[in-house]
Each structure stands twice: as structure tokens, then as C-alpha cells.
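Bear in mind these aren't lab numbers, they're just calculated from the coordinates by the rules spelled out. None of these values were measured; they are calculated from a predicted model. FYI the Cβ positions are ideal-geometry reconstructions off the backbone, even for glycines, and counts take in every protein chain you see.
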Amino acid sequence: AQTVTQSQPEMSVQEAETVTLSCTYDTSESDYYLFWYKQPPSRQMILVIRQEAYKQQNATENRFSVNFQKAAKSFSLKISDSQLGDAAMYFCAYRGSGNTPLVFGKGTRLSVIA
Amino acid sequence: EPEVTQTPSHQVTQMGQEVILRCVPISNHLYFYWYRQILGQKVEFLVSFYNNEISEKSEIFDDQFSVERPDGSNFTLKIRSTKLEDSAMYFCASSARTQRGETQYFGPGTRLLVL
């Protein structure tokens, strides 16, 4: 079974600085998808970024980028120019090929310090 | 921008009562999911639904749970006889159908409290 591990229960970053959240996963599949979801205090799940395993290029969405290391099964999220609104719980998630369910990590709580 | 909606946003019920959580997926999506998040824990998959039938379910999704798509827009999760441990945030998600799969978009969740 696939597993997703987020080894940092909590992280903090100064406003305008850069922070990297770690995620590793375990799978025997070659075709899969990886996601980062943000969960603010409202508890809604908001998609931040996604990466297809067959793509070598790291995904980027504005201030958010990933470092996808397929051989190492690592998928970290970098947030640049951190803003107060970035404070939230961040979940890394894995999905195999097809419309299969998401497997989530335990999350990293990010605090942004003004 | 299209979004998944869920009602109610909050539900308080007595143990043993039946609850129905409702979701309206994004209109052109064909795959539907329910996930659960107990407070302070990670999000867990419950069930997926495609072509009017369950395509996959987890061990959490026992006989107390059922899902239905009663019409062309709604997707419901029913818990027949709620237990204290059913207290959680319940998320509905939907995705489109492509050959390579598609991103799952989540609704805002229903916070269920069983007393």
C-alpha cells in the first residue's frame, strides 16, 4: 500500500522569507500524481499544486514550487515570499493512475511570523 | 469558477440518529469521493463513486455508511446510526474523467458532531 510521510509536524517562517515543507512517499507504481493541499483554519481543503510523476520538470504556481525527486520518492513544497495568509496546515497527497483515492500525509502546520 | 458545494456546513446529532450529508459536485465531473478528517488527524478516504456505483471503499466504510446519487446533481453520504467516533469533518470531492486521471477538488466540508 502507498504511504505518505510528512516528518515536520510544525514549521514556522518569517514573513517574506522562504520555507520548504518535506514529503516522502512509498509506492511501487511508476505512474502517479502528487499534490499539496492547504487547509486554513476554516478547514477547507484547497489545492496548492500538483505534479505528474512522468514529468521531470518541477511544477510551479506563483510563489509555490515543488522539488520532485522521483528516485528518492521525495516531493517537497517551497513557499517563497511567505505571507500571513499562507499560515495553514499543509497536506501532501499521493494518487495512483486513474481516478483512485488520495492518500494523505499527516500534515505540517505552518506558522508565518510577522 | 466551478466549485464543489456541501450542505450543511455543521450538523449536530444524537448518537444513534441517521444523518445525510449532501454534496453537489462540479457539473462536468464523473468521479465522486467522500473523505473524513477526525479533529487533529489526517484526511482518510471513505468511498469513491462512478457510473452510479461504488468503485472503491475503505475499511472505514462499513454497513453503517451508504452513498447515493439521487439525481443528476446531488451526491449524498448517509450514516444510518451515528456513533460518537463518527464526529469528524466530512469532505466531498469530485474529479473529471481523463485518460490519465484528474485532480480532485474538495468541497468546504461538513462538520459533524455526534453527542
Please name whichever of B:W34, B:T110, B:S58 sits farthest to the positive end of the charge dipole of segment B:16-115, dipole taken about the Cα centre and charges placed at Cβ: Lys and Arg +1, Asp and Glu -1. B:T110
What is the gain in length, in nm to one decimal, between B:Q17 and B:L113 on full extension, counting 0.36 nm per residue of separation less the C-alpha to C-alpha distance? 33.4 nm
For the charge dipole of chain A, defined by +1 on Lys and Arg C-beta atoms and -1 on Asp and Glu C-beta atoms about the Cα centroid, which residue among A:C92, A:N58, A:Q14 has the Cα displaced farthest towards the positive pole? A:C92
From phi via Karplus (6.51, -1.76, 1.60), per-residue ³J(HN,Hα) for segment B:29-46 in Hz, x at Gly/Pro: 8, 10, 10, 10, 9, 10, 10, 10, 9, 6, 3, x, 10, 7, 6, 10, 6, 9
For segment B:81-95, 3J(HN,Hα) per residue [Karplus equation, 6.51 cos²θ - 1.76 cosθ + 1.60, θ = phi - 60°, Hz, x = Gly/Pro]: 9, 5, 10, 4, 6, 7, 4, 5, 8, 10, 10, 9, 9, 9, 9
Between A:N67 and B:K78, Cβ-based FRET efficiency (R0 30 Å, step 0.05) works out to 0.10
Cross-link partners of A:K78 among lysines (Cα-Cα below 26 Å; sequence separation of 8 or more within a chain): A:K38, A:K55, A:K70, A:K106, B:K42
Can you work out ³J(HN,Hα) from phi for every residue in segment A:3-15, in order, using Karplus 6.51 cos²θ - 1.76 cosθ + 1.60 and θ = phi - 60°, giving whole Hz and x for Gly and Pro? 9, 10, 10, 10, 7, 10, x, 9, 9, 9, 8, 6, 3
Given Cβ point charges of +1 (Lys, Arg) and -1 (Asp, Glu) and nothing else, what value in debye, to the nearest 20, does the dipole of the protein assembly as shown about its Cα centre take? 140
